[in-house]
């Protein structure tokens, strides 16, 4: 099993959700996060007050999938989240040792 | 097997939903009593031993998941005592454990029990109401007598600890009436509150429990009667909840509410939450009243005598840390007085006197004259301190007199993962959060929160009271059919009319309620780098910066009041970004509107044709820079090239306007000529026409007043300079040298070259101390570097000058190659130091 992790622009969440659902993903976890990549933070000015945005708001997705589906899900996220502008985010895939469904105790693929 | 029998009997009780609350507790207690008596008989316990039920088992208020608290009370002494007791308890407790009952248990002598109770409040309260189950009943009676004696002896300490516990439950886990997932036992207004009152009664002696509180005047008989139904409902719910979940939790989670309601035969979960909230409110309210009186009695007469009466308003007095309200001769209280009393309670953060609260029930209809309205706004502005005041008013029916729509939101649940509070408390919390934002705005005015955008926005609000009204009403239609924003806007319109808010204010309040979700939605779901997104929000605000400010603050206040899931730094960043962009869009729009107005006025004055000869040749920024009179004057100048004009404008200042064919170095020539002519330039605006003319306007002063006396001299100098008849470099340097010994030493020169600010030009910003010919030297440096200055802004701030130049290279292209940018900056600094 794999964990597909994506960092995307917040407004792209609905598009990405629809795309991975259409692909057949059963569930996903999201977290509102902040960070910086190449986009860095930036300083804005309003009425003479400078405020620095060190960390840019993003949404982090985590999706557990079968090995065979990981690349497909990652591709879907990429397609749906892409605007072509800086700060579109990243997707990465992590191998998973094991998964349990808490309610039933099902393990592995059965728990997805 | 006793344990098997016990387990089956308990399971049968749990499976029988007709046994509600107290009936279940009593049945389970009887089953346990029977089992324990059987075991006790079986083990042939010695005569100096008793089995005593404690806690909810003693009160016969057991729930399916309750701990069963039992005590083996003994009077055994000697060497073998402890071994005998251990053998005895193992045989007694094992059947309970085997039956799956969680037991709190102990084996102690009376002396040990009392000494433990003296150290630990929970141990003491557990002994105040015990029940004898088996064995030597005289031991049980003696234990109870001594525990009650101890409670009286330690009255002050116990009462303070109980009062603190009551206050702590309000903060955590929170008030049952206001929480969407309340804790039936530990929540404020829950079972623990009722028990705490009973324990408080025991510290005051016989006849015990709440009866003592009534006898001593801490609790009225009427209030005692009002406590009972609430306690019964809580017991019913707790038993039903634990039946449904099969667990010991007392937290009525959203997902269990339907099943619990069904088991108790209630129409739906909303009805359940509503009934529960009413009951819990009553319990919390009456408890608060008792603890207030207890606090008074603990302070004693000496504590109360200190403060003199303080008349706050007509008929409103602050006395002994309470707000007292007087009624008129006919027993009624004018609405204004009620509002002023509320303000006093909020301002001084003190409760109402109980009798005054009862009198307040006779508050008259508000007329919403300017005084009542201002008082109401003041009350809202107190924010967090106003919340208990609103709760008190709601309890006595005063709030619905002021705002009848409140009855719709009272204790109304909302079923989603974001919210923490019921609708009514959420609205008050939103008001409190908005008031806090306004506080930050006030602090900003006196030097705090310098870099806090929210504070700057709050400070800029023209009508902060509309924010408070918006916060109070934004969810007023939650739970009505239809979109709560739309329906709420209609309700808000009705309320605003009744409160006689002026028409502009009314329109804005209604608009705020209608769009209160707009910014949060757009910020999280739209691409903020797309300019049309901010434009659309600006348009939704009717391009009114005040509306945008109020909506922004309401978005923050509403989100913070919702719960931790609705607001975090990430979302705050998005909403702020949207605000700043929409504010810029509104400003751009205002500029566009201003430019359009000026164009229209020019056409009227000059006629279509002449106006267009000016407007078509000059950029938008030109139209924004000058008023219509000046533009008309420029139109005449543009018809005779070249022209130099120098006009005194008062205060020793002159405006020099030059129209000439544009060429490299023109700015340097003009700046040099002005310096030679004795004009210290404080402001320069340079424009180029589409057909190659320069229209440059300088504002400056002559510290010696000669220029104002003879402006023609300046004109002559400029004309000669344009004709190349003056060696400007030499003349300017001479002047600079003559003045240098008298001026202050020039400070550092800093140059910043920015390639991000404009798409078409490189922006050069120079900070330097004001100096003779400074602009000339800068402009000359640009000429030497083959840099074309297209726009210059000169601003003099006292001794310091900030000059901003929009420049391109000799081929008319933006300079953005990093090397070129760096060498441009370095070359400028080097030349300015020379």
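Count of the stretch B:509-536 residues, restricted to those that are at pLDDT 95 or above and in a helix (DSSP H, G or I), is 8. Listed conditions (1) surrounded by 15 or more Cβ atoms within 10 Å (Cβ to Cβ); (2) within 49 Å of the chain's Cα centre (by Cα) are all met by residue B:756, apart from (1). Checked against (1) surrounded by fewer than 21 Cβ atoms within 10 Å (Cβ to Cβ); (2) in a loop (DSSP other than H, G, I, E, B); (3) within 20 Å of the chain's Cα centre (by Cα), residue B:500 passes all but a single condition, namely (3). Set side by side, the residues B:681, B:715 differ, and just one is touching a residue at least 60 places away in the same chain (Cβ under 8 Å) and farther than 26 Å from residue B:621 by Cα, which is B:715.
Scan the stretch B:60-90 for residues that are under 30 Å from residue B:240 (Cα atoms) and surrounded by fewer than 18 Cβ atoms within 10 Å (Cβ to Cβ) and the total you get is 1. Just checking, does the stretch B:379-388 include any residue being farther than 18 Å from residue B:281 by Cα, in contact with a helix residue (DSSP H, G or I) (Cβ under 7 Å, 6 or more places away or on another chain) and touching a residue at least 60 places away in the same chain (Cβ under 8 Å)? Among the residues of the stretch B:379-388, at least one is farther than 18 Å from residue B:281 by Cα, in contact with a helix residue (DSSP H, G or I) (Cβ under 7 Å, 6 or more places away or on another chain) and touching a residue at least 60 places away in the same chain (Cβ under 8 Å), which makes the answer yes.
In this structure, is residue B:526 surrounded by fewer than 19 Cβ atoms within 10 Å (Cβ to Cβ) and closer than 30 Å to residue A:81 by Cβ? Before the answer, list the steps.
On the way: surrounded by fewer than 19 Cβ atoms within 10 Å (Cβ to Cβ): yes; closer than 30 Å to residue A:81 by Cβ: yes.
In short, yes.
Answer with yes or no whether residue B:732 is in the same structural domain as residue B:661 (by TED's automatic domain parsing) and touching a strand residue (DSSP E or B) at 6+ places or on another chain (Cβ under 9 Å). Answer is no for this residue.
Taking the stated definitions as given, is residue A:87 part of a loop (DSSP other than H, G, I, E, B) and surrounded by 13 or more Cβ atoms within 10 Å (Cβ to Cβ)? Before the answer, list the steps.
On the way: part of a loop (DSSP other than H, G, I, E, B): yes; surrounded by 13 or more Cβ atoms within 10 Å (Cβ to Cβ): yes.
Spelling it out, residue A:87 is indeed part of a loop (DSSP other than H, G, I, E, B) and surrounded by 13 or more Cβ atoms within 10 Å (Cβ to Cβ).
Taking the stretch A:24-68 as the range and being modelled with pLDDT of 90 or more, more than 27 Å from residue B:566 (Cβ to Cβ) and assigned to a loop (DSSP other than H, G, I, E, B) as the test, the residues that pass are A:24, A:66. In the stretch A:1-27, which residues are closer than 15 Å to residue A:58 by Cβ and away from chain B (no Cβ under 14 Å)? Hits for the stretch A:1-27 are A:5, A:6. For the stretch B:552-572, a residue qualifies if it is in contact with a strand residue (DSSP E or B) (Cβ under 8 Å, 6 or more places away or on another chain), surrounded by fewer than 22 Cβ atoms within 10 Å (Cβ to Cβ) and in a helix (DSSP H, G or I), and the qualifying residues are B:569, B:570, B:571.
State yes or no: is residue B:496 modelled with pLDDT under 95, in contact with a helix residue (DSSP H, G or I) (Cβ under 9 Å, 6 or more places away or on another chain) and farther than 26 Å from residue B:270 by Cβ? Outline the logic, then answer.
Values: modelled with pLDDT under 95: no; in contact with a helix residue (DSSP H, G or I) (Cβ under 9 Å, 6 or more places away or on another chain): yes; farther than 26 Å from residue B:270 by Cβ: yes.
In short, no.
Out of all the residues in the stretch B:217-226, is one or more in contact (Cβ under 8 Å) with a residue 60 or more places away in the chain, closer than 30 Å to residue B:118 by Cα and under 32 Å from the mean Cα position of the chain (by Cα)? Within the stretch B:217-226 (the criterion being in contact (Cβ under 8 Å) with a residue 60 or more places away in the chain, closer than 30 Å to residue B:118 by Cα and under 32 Å from the mean Cα position of the chain (by Cα)), the answer is no, since none of the residues qualifies.
Taking residue B:575 as the residue in question, decide whether it is within 11 Å of another protein chain (Cβ to nearest Cβ), within 22 Å of the chain's Cα centre (by Cα) and part of a helix (DSSP H, G or I).
Values: within 11 Å of another protein chain (Cβ to nearest Cβ): yes; within 22 Å of the chain's Cα centre (by Cα): yes; part of a helix (DSSP H, G or I): yes.
Spelling it out, residue B:575 is indeed within 11 Å of another protein chain (Cβ to nearest Cβ), within 22 Å of the chain's Cα centre (by Cα) and part of a helix (DSSP H, G or I).
Quick one: which of B:582, B:545, B:520 is within 13 Å of another protein chain (Cβ to nearest Cβ), surrounded by fewer than 20 Cβ atoms within 10 Å (Cβ to Cβ) and touching a residue at least 40 places away in the same chain (Cβ under 8 Å)?
Values: B:582 fails: surrounded by fewer than 20 Cβ atoms within 10 Å (Cβ to Cβ); B:520 fails: surrounded by fewer than 20 Cβ atoms within 10 Å (Cβ to Cβ).
Of B:582, B:545, B:520, the one residue that is within 13 Å of another protein chain (Cβ to nearest Cβ), surrounded by fewer than 20 Cβ atoms within 10 Å (Cβ to Cβ) and touching a residue at least 40 places away in the same chain (Cβ under 8 Å) is B:545.
Mind checking whether some residue in the stretch B:285-299 is on the phi > 0 side of the Ramachandran plot, in a helix (DSSP H, G or I) and out of contact with any strand residue (DSSP E or B) (no Cβ under 6 Å at 6 or more places or on another chain)?
No, the conditions are met nowhere in the stretch B:285-299.
Could you identify the single residue in B:591, B:582 that is out of contact with any strand residue (DSSP E or B) (no Cβ under 9 Å at 6 or more places or on another chain), part of a helix (DSSP H, G or I) and more than 17 Å from residue B:546 (Cβ to Cβ)? Walk me through it before giving the result.
Numbers: B:582 fails: more than 17 Å from residue B:546 (Cβ to Cβ).
So the residue among B:591, B:582 that is out of contact with any strand residue (DSSP E or B) (no Cβ under 9 Å at 6 or more places or on another chain), part of a helix (DSSP H, G or I) and more than 17 Å from residue B:546 (Cβ to Cβ) is B:591.
Here is the figure for the stretch B:185-195: residues that are assigned to a loop (DSSP other than H, G, I, E, B) and more than 28 Å from the chain's Cα centre (by Cα) total 1.
For (1) more than 21 Å from the chain's Cα centre (by Cα); (2) within 14 Å of another protein chain (Cβ to nearest Cβ); (3) closer than 30 Å to residue B:365 by Cβ; (4) in contact (Cβ under 8 Å) with a residue 60 or more places away in the chain, each residue gets a yes or a no:
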| site | (1), (2), (3), (4) |
| --- | --- |
| B:407 | yes, no, yes, no |
| B:424 | no, no, yes, yes |
| B:434 | no, no, yes, yes |
| B:441 | no, yes, no, no |
| B:444 | no, yes, no, no |
| B:453 | no, yes, no, yes |
| B:469 | no, no, yes, yes |
| B:496 | yes, no, yes, no |
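Would you confirm, using the coordinates I've provided, whether residue B:374 is within 23 Å of residue B:466 (Cα to Cα), away from every other protein chain (no Cβ under 14 Å) and surrounded by 19 or more Cβ atoms within 10 Å (Cβ to Cβ)? For residue B:374, the condition - within 23 Å of residue B:466 (Cα to Cα), away from every other protein chain (no Cβ under 14 Å) and surrounded by 19 or more Cβ atoms within 10 Å (Cβ to Cβ) - is not met.
Could you tell me which numbered condition residue B:449 fails, if it satisfies all but one of (1) at pLDDT below 95; (2) away from every other protein chain (no Cβ under 14 Å); (3) under 27 Å from residue B:569 (Cβ atoms); (4) part of a loop (DSSP other than H, G, I, E, B)? Here residue B:449 meets the rest and fails (2).
The values are calculated or read from the model by the stated rules, or taken from the named source; none is laboratory data. Everything quoted here is computed from the prediction, not taken from an experiment. Every residue, glycine as well, gets a Cβ built from its backbone with ideal geometry; the counts of neighbours run over all protein chains shown.
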